[in-house]
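Before any comments, here is the structure.
The values are calculated or read from the model by the stated rules, or taken from the named source; none is laboratory data. Being a predicted model, the structure only gives us computed values, none of them experimental. With ideal geometry, Cβ positions are generated from the backbone for all residues, glycine too; neighbour counts draw on all protein chains shown. When the accessible area is computed, the model is the full protein with side chains, heavy atoms only, and any ligands, DNA or RNA have been set aside. Shrake-Rupley method; radii C 1.70, N 1.55, O 1.52, S 1.80 Å.
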Amino acid sequence: MEKYNVEHYVSPYLTYITLHDKLRIGQLIFDCKKRKITMVDTAILSEIYEKEKDGKKVTKDEYRPLNLTDDWLIKIFQFEKKYLNTNNMTVFTSQRHGLKVHKRQGNYYLGYILREKMNIGEWKGSSSSKPEILFVNELMDYCYLLKRDSLKLTKDDLKRINEVIIIN
(Lines give C-alpha, C1' and ligand atoms only; values in the text may rest on other atoms or scores of the structure.)
Protein backbone atom coordinates (compact mmCIF):
# COMPACT_ATOMS: atom_id res chain seq x y z
CA MET A 1 0.00 0.00 0.00
CA GLU A 2 1.34 3.37 -1.00
CA LYS A 3 1.58 6.20 1.48
CA TYR A 4 -0.97 8.94 0.92
CA ASN A 5 0.44 12.19 -0.33
CA VAL A 6 -1.00 15.43 -1.64
CA GLU A 7 -0.07 14.69 -5.26
CA HIS A 8 -2.44 11.70 -5.18
CA TYR A 9 -5.29 13.98 -4.22
CA VAL A 10 -4.39 16.70 -6.72
CA SER A 11 -3.76 14.22 -9.53
CA PRO A 12 -5.67 11.00 -8.77
CA TYR A 13 -4.44 9.29 -11.95
CA LEU A 14 -1.11 8.84 -10.14
CA THR A 15 -2.74 6.30 -7.81
CA TYR A 16 -3.68 4.03 -10.73
CA ILE A 17 -0.25 2.45 -11.09
CA THR A 18 -1.85 -0.86 -10.15
CA LEU A 19 -5.46 -1.98 -10.56
CA HIS A 20 -5.76 -4.81 -8.04
CA ASP A 21 -5.82 -2.40 -5.10
CA LYS A 22 -8.51 -0.20 -6.70
CA LEU A 23 -11.06 -2.83 -7.63
CA ARG A 24 -13.52 -4.75 -5.47
CA ILE A 25 -15.49 -7.87 -6.27
CA GLY A 26 -18.80 -6.87 -7.86
CA GLN A 27 -17.48 -3.67 -9.45
CA LEU A 28 -17.39 -3.08 -13.17
CA ILE A 29 -14.38 -3.12 -15.48
CA PHE A 30 -13.85 -3.21 -19.24
CA ASP A 31 -12.51 -6.54 -20.51
CA CYS A 32 -10.52 -5.54 -23.60
CA LYS A 33 -10.16 -9.12 -24.86
CA LYS A 34 -13.91 -9.74 -24.89
CA ARG A 35 -14.67 -6.08 -25.77
CA LYS A 36 -17.38 -5.78 -23.13
CA ILE A 37 -18.05 -4.53 -19.64
CA THR A 38 -17.76 -7.26 -17.05
CA MET A 39 -18.10 -7.63 -13.32
CA VAL A 40 -14.96 -8.14 -11.25
CA ASP A 41 -14.89 -11.57 -9.66
CA THR A 42 -12.19 -13.54 -7.85
CA ALA A 43 -10.81 -14.94 -11.12
CA ILE A 44 -10.37 -11.50 -12.71
CA LEU A 45 -8.96 -9.99 -9.53
CA SER A 46 -6.51 -12.90 -9.19
CA GLU A 47 -5.44 -12.54 -12.83
CA ILE A 48 -4.78 -8.82 -12.39
CA TYR A 49 -2.96 -9.38 -9.09
CA GLU A 50 -0.71 -12.10 -10.57
CA LYS A 51 0.40 -9.76 -13.35
CA GLU A 52 0.97 -6.83 -10.99
CA LYS A 53 2.68 -8.60 -8.10
CA ASP A 54 6.00 -8.71 -9.94
CA GLY A 55 5.88 -4.99 -10.64
CA LYS A 56 4.30 -5.33 -14.07
CA LYS A 57 1.41 -3.16 -15.11
CA VAL A 58 -1.85 -4.51 -16.51
CA THR A 59 -1.80 -3.31 -20.08
CA LYS A 60 -4.59 -1.41 -21.80
CA ASP A 61 -5.31 -4.43 -24.00
CA GLU A 62 -6.31 -6.59 -21.00
CA TYR A 63 -8.47 -4.68 -18.51
CA ARG A 64 -9.14 -1.04 -17.90
CA PRO A 65 -11.30 0.96 -15.53
CA LEU A 66 -14.43 2.58 -16.94
CA ASN A 67 -14.34 6.36 -17.22
CA LEU A 68 -17.26 8.07 -15.53
CA THR A 69 -19.53 9.83 -18.04
CA ASP A 70 -22.93 11.53 -18.11
CA ASP A 71 -24.38 8.32 -19.60
CA TRP A 72 -23.18 6.27 -16.63
CA LEU A 73 -24.69 8.72 -14.16
CA ILE A 74 -28.04 9.13 -15.96
CA LYS A 75 -28.71 5.79 -17.67
CA ILE A 76 -27.16 3.36 -15.20
CA PHE A 77 -27.08 5.02 -11.77
CA GLN A 78 -30.34 7.03 -12.27
CA PHE A 79 -28.97 10.48 -11.46
CA GLU A 80 -30.95 13.53 -12.55
CA LYS A 81 -29.06 16.20 -14.48
CA LYS A 82 -29.46 19.92 -13.93
CA TYR A 83 -27.26 22.75 -15.19
CA LEU A 84 -26.65 25.60 -12.72
CA ASN A 85 -25.86 28.68 -14.77
CA THR A 86 -24.86 30.76 -11.73
CA ASN A 87 -22.22 28.21 -10.67
CA ASN A 88 -21.25 27.26 -14.24
CA MET A 89 -21.56 23.55 -13.47
CA THR A 90 -23.86 20.59 -13.96
CA VAL A 91 -25.22 18.90 -10.84
CA PHE A 92 -26.23 15.26 -10.94
CA THR A 93 -28.53 14.28 -8.09
CA SER A 94 -29.54 10.76 -7.11
CA GLN A 95 -32.58 10.25 -4.90
CA ARG A 96 -31.82 6.52 -4.73
CA HIS A 97 -28.20 6.88 -3.61
CA GLY A 98 -28.58 10.21 -1.79
CA LEU A 99 -25.52 11.57 -3.57
CA LYS A 100 -24.65 14.59 -5.66
CA VAL A 101 -21.96 14.69 -8.31
CA HIS A 102 -20.77 18.00 -9.73
CA LYS A 103 -19.41 18.32 -13.26
CA ARG A 104 -17.20 21.28 -13.94
CA GLN A 105 -14.97 21.73 -17.00
CA GLY A 106 -15.46 18.10 -18.03
CA ASN A 107 -14.41 16.67 -14.64
CA TYR A 108 -16.65 15.00 -12.07
CA TYR A 109 -16.44 15.79 -8.36
CA LEU A 110 -18.19 14.40 -5.33
CA GLY A 111 -20.78 16.89 -4.12
CA TYR A 112 -19.23 17.05 -0.66
CA ILE A 113 -16.50 19.32 0.62
CA LEU A 114 -13.71 17.60 2.53
CA ARG A 115 -11.71 19.66 4.97
CA GLU A 116 -8.26 18.54 6.01
CA LYS A 117 -5.88 20.08 8.54
CA MET A 118 -2.43 20.64 7.10
CA ASN A 119 0.83 21.05 9.00
CA ILE A 120 3.73 21.64 6.65
CA GLY A 121 6.79 22.79 8.51
CA GLU A 122 5.96 26.11 10.11
CA TRP A 123 2.78 26.55 8.09
CA LYS A 124 -0.45 25.41 9.65
CA GLY A 125 -3.87 25.66 8.10
CA SER A 126 -6.62 23.71 6.46
CA SER A 127 -7.47 22.65 2.96
CA SER A 128 -10.95 22.17 1.60
CA SER A 129 -11.88 20.60 -1.71
CA LYS A 130 -14.17 18.15 -3.47
CA PRO A 131 -12.74 14.73 -4.41
CA GLU A 132 -12.54 14.09 -8.13
CA ILE A 133 -14.25 10.95 -9.44
CA LEU A 134 -12.45 9.46 -12.41
CA PHE A 135 -13.95 6.01 -12.81
CA VAL A 136 -17.19 4.07 -12.28
CA ASN A 137 -15.59 1.88 -9.59
CA GLU A 138 -14.82 5.04 -7.57
CA LEU A 139 -18.46 6.14 -7.75
CA MET A 140 -19.48 2.68 -6.54
CA ASP A 141 -17.01 3.02 -3.65
CA TYR A 142 -18.42 6.42 -2.67
CA CYS A 143 -21.98 5.08 -2.78
CA TYR A 144 -20.97 2.46 -0.25
CA LEU A 145 -18.61 4.52 1.90
CA LEU A 146 -20.87 7.54 2.27
CA LYS A 147 -24.35 6.03 2.08
CA ARG A 148 -23.80 2.31 2.79
CA ASP A 149 -25.54 1.65 -0.53
CA SER A 150 -24.05 -1.57 -1.85
CA LEU A 151 -24.72 -1.81 -5.59
CA LYS A 152 -25.33 -5.44 -6.41
CA LEU A 153 -25.62 -6.06 -10.13
CA THR A 154 -27.16 -9.14 -11.72
CA LYS A 155 -26.31 -10.77 -15.07
CA ASP A 156 -29.38 -9.06 -16.55
CA ASP A 157 -28.11 -5.70 -15.28
CA LEU A 158 -24.73 -6.39 -16.87
CA LYS A 159 -26.37 -7.31 -20.17
CA ARG A 160 -28.39 -4.07 -20.12
CA ILE A 161 -25.28 -2.03 -19.25
CA ASN A 162 -23.43 -3.51 -22.25
CA GLU A 163 -26.36 -2.57 -24.49
CA VAL A 164 -26.68 0.99 -23.16
CA ILE A 165 -23.05 2.02 -22.65
CA ILE A 166 -20.91 2.18 -25.77
CA ILE A 167 -17.15 1.83 -25.20
CA ASN A 168 -14.75 2.90 -27.97
Quick check on segment 121-135. Is at least one of its residues of a type in the set (A, V, I, L, M), surrounded by 11 or more Cβ atoms within 10 Å (Cβ to Cβ), in a strand (DSSP E or B) and touching a residue at least 12 places away in the same chain (Cβ under 8 Å)?
yes
Quick one: which residue in GLU138, GLU116 is of a type in the set (Asp, Glu), buried (at least 17 other Cβ atoms within 10 Å of the Cβ), out of contact with any helix residue (DSSP H, G or I) (no Cβ under 6 Å at 6 or more places or on another chain) and not assigned by the TED database to the domain that holds ASP31?
GLU138
Spot the failing condition for TYR144; the list is (1) over 14 Å from the mean Cα position of the chain (by Cα); (2) open to solvent by 100 Å² or more (accessible area, probe 1.4 Å); (3) modelled with pLDDT under 90; (4) closer than 30 Å to HIS20 by Cβ, and only one is missed.
(1)
Within segment 74-103, the count of residues that are among the aliphatic types (A, V, I, L, M), within 24 Å of ILE166 (Cα to Cα) and open to solvent by 40 Å² or more (accessible area, probe 1.4 Å) comes to 1
